[in-house]
1. In whole Å, what three semi-axes, largest first, describe the equivalent ellipsoid of segment 686-749 built from its Cα gyration tensor (square root of 5 times each eigenvalue)?
2. Would you calculate the volume per residue, in Å³, of the smallest convex hull containing every Cα atom of segment 392-517?
3. With the cut-off at 21 Å, tell me which of the pairs Lys299/Lys603; Lys397/Lys740; Lys467/Lys506; Lys299/Lys360; Lys424/Lys483; Lys356/Lys397 have Cα atoms farther apart than that.
4. For a protection proxy built on the mean count of beta-carbon atoms within 10 angstrom, sort 195-206, 472-483 highest first, please.
5. How much length is gained if the chain between Asn176 and Asn215 is pulled fully straight, taking 0.36 nm per residue apart and subtracting their Cα-Cα distance, in nm to one decimal?
6. Would you mind getting me the FRET efficiency between Leu62 and Glu303? Use the beta-carbon distance for r and R0 = 25 Å, nearest 0.05.
7. Return a whole-number percent for the relative contact order of the chain, with Cα pairs under 8 Å and 6 or more residues apart as the contact set.
8. Just the number: Rg to Rh for segment 535-614, Cα atoms, Kirkwood Rh, two decimals.
Amino acid sequence: MSVGKSLIKMVGGALAAGTIAAVVLTPVAAISGVAIERTDETMQSNIDDLTFGATPGVSTILNANDEPMAWLYKQRRYSVPSEAIAEPMKAAIVSIEDRRFYEHNGVDLKGNLRAMATNLLAGGVEQGASTLDQQYVKNYLLLVASDNPDEQAAATETSIPRKLREMRMASSIDENLSKDEILTRYLNLVPFGNNAYGVEAASQTYFGKPAAELNIPEAAMLAGIVQSSSYFNPYTNPEAVTDRRNEVLGAMAETGAITPEDAARYQGEPLGVQEQPGGLPNGCIAAGDAGFFCDYVLKYLGEKGLDLDTITSGSYTIRTTLNPEVQAAAHDAVTGQVPASTPGVANVMNVIEPGKDSRKILAMTSSRDYGLDLEAGQTVLPQTASLVGSGAGSVFKIFTAGAALEDGYGLDTMLDVPTRYEAKGLGEGGASNCPANTYCVENSGSYASRMSLQDALAYSPNTPFVKLISEVGVDKVVDLSVKLGLRSYKEAGTFDGEASIAEYMKDHNLGSYTLGPTAINALEMSNVAASIASDGRWCEPNPIENVTDAEGNEVFLERPDCENAMDADAANALGQALSKDTIEGTGADAAKAFNWSTPLAAKTGTTESHQSAAFMGFNSAYAAVTYIYNDGTSVAPLCTSPVQQCGAGSLYGGDEPARTWFSAANGSNIAQQGNLAPIGDTYRRGRSATLGDQFIGRDVSSAERELTKQGYKVVRQYVAGDGKPKNQVLRTSVPTPLRKGSTITLYISDGSPARRPAPQPVVPSIPPVPEIPSQDVDSITDSIRRLLGQ
């Protein structure tokens, strides 16, 4: 090297040294100029994050018993306070990485000047002098602040400008944090290899103990790894790790942290790491049979603004509503009736706790295992909480019945049950030999020609419900189903890529809706049951008790208000209307097989093609729907005993779906605590039958005024008073269905006197025939016999 070049580099070194001192000693606020204004703002923002910001950590999902069920993270890190880190760990890292840590102000000027001069003379960066403060800055910008590869590259680029920025920020945090705070933040941040970030995770990974319990050689090993966590891996490069650990022990002796004798003794010990590095599952796979619930939790939180990226970076504690006892019983039940290995068929179940102000999800499961091994029949598709299958079949009759109850029908209202019913204006097709522009439906089996509404729900003929939906209206039935819980039915594109299911059904006025012909969301269907059990009040299905951040502060989740979806008395009447199903209806055999005696509202359902089947059961404590459907690449009819795809279906809702429900309910003691709300005569006979009763005997003006106030039209019809006061209501005529605007006829006394009964004819009295003594009868009989020669 020429003398000239040497002098130039020496001058450059002197200038650089001055620059270093100027940058380090100049406050950020004093740096000005348009050209560096943006850099200044970014640097100040980074300094604020370095001083006060949190580091990514592990978020934990807990069940209702506060037991972990899944973990989510980008970096497996558990930030701990200073007192939870063993003193030997602190001494070891200071001894090997920054001996002047407690003396400098974040930047070791002496070391940096030496390194700068060396690098300038060498024509590149050959020597570093990063303090722990500077290393903290570099690692924070790399591991926390960088969102993309370009930012990561900028955080680690080998350049003097980056070094100067790093030094300036290190000096600033040294002004705002104590040395112990900086050291604690550093040890909680840096990587230790084997996917362990921070000293707590590292201690658990290698030694299976908390960082507070680290001894001197263990601490020395971890401190040595920091230099190159990929190279110094005790499982792949134990010799290098041992040498590095011993180097750290020597440094600790030099700084007086330990004696030379202790250092020599520890240097002869084995590393003492676990046979395999400790780890932690990441994601919902770890939740096992609750994986579908875990997945739904993340979807739910994402819709509330707490997305997966935030969760995996935030050290959140997510407490859920999942009841492990109910979950285990439900999972055993679904797999007991449809094994996980069953080709092309799934059995799903959701259990919800009814409530007027909240709606906790107690269980969510599928017969399929949650996982990625497709060959083993696993899946991560949201089977339990998305539109799947071919429909719930006759379970949808509850919506037609509910609409009818709101329209004045009663449980005892008699319905016609024709063998075949042909309807105009309700779509077309259906049963064979159906005329054009006509919807035809036939019953499967033989039924009485007339049934009460309650019996029709229990025995489930099809024709009366198609006739009933034509009377109460398709729109009203569809709207009620959406209000009670089938909220996805109003989402655009759910029917054909454009229209929603609700929109399509109403626009085409399809009477087939009452027979449940469309895919269902099993969670929503379970919530329908919970809504009916909760006085007709809808609440959002809720998997979350609360979420807290790393500091224990509760995270606000915006949830929709509960809504009155159905008249409370009508909802309770619907529950009672469904109470015969498991006593003498289509669910009775399954209920008997499981010795069920608790009050229960229930409904079975099977699609016309037997491609899916369902069972709904609920009371005040427990609401659930089980649903068996084709979940493979091919759709076929389903057969029973065992459930399988077959040529001609035989599966009904009262078979495996009902048995699944009772098996699950018997597995916990929650459903047995429930009951059904009682109902009065109004919904037993129907409002159409009882509304007029309250006006009989009243003055017509009063009756008319009250009925008009309730939204009805009134027609007066005067009839013979038969002695009743003029204008007194004698009887009424109330239509069915009964709605606002319906016309009610009042039959009113015209004041005429009572009619006298016609005179009765006088019948003359006839004396009674005298009684003949028995001995005279015998004497006469003997005389007659002698006369006849007998």
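1. In descending order, the three semi-axes are 20, 11, 9 Å.
2. It comes to 99 Å³ per residue, whole-number rounded.
3. As for pairs spanning more than 21 Å Cα to Cα, those are Lys299/Lys603; Lys397/Lys740; Lys424/Lys483; Lys356/Lys397.
4. Averaged packing, sorted descending, gives the order 195-206, 472-483.
5. Additional length available on full extension: 11.0 nm.
6. Efficiency, from the Cβ-Cβ distance: 0.80.
7. Relative CO of the chain lands at 11 percent.
8. On the way: Rg = 19.3 Å, Rh = 16.4 Å.
Ratio value, two decimals: 1.18.
Values in this text are rule-based calculations from the coordinates and carry no lab data. The structure displayed is predicted, hence computed values, not measured ones. All Cβ positions, glycine included, derive from the backbone under ideal geometry; neighbour counts span all protein chains shown.
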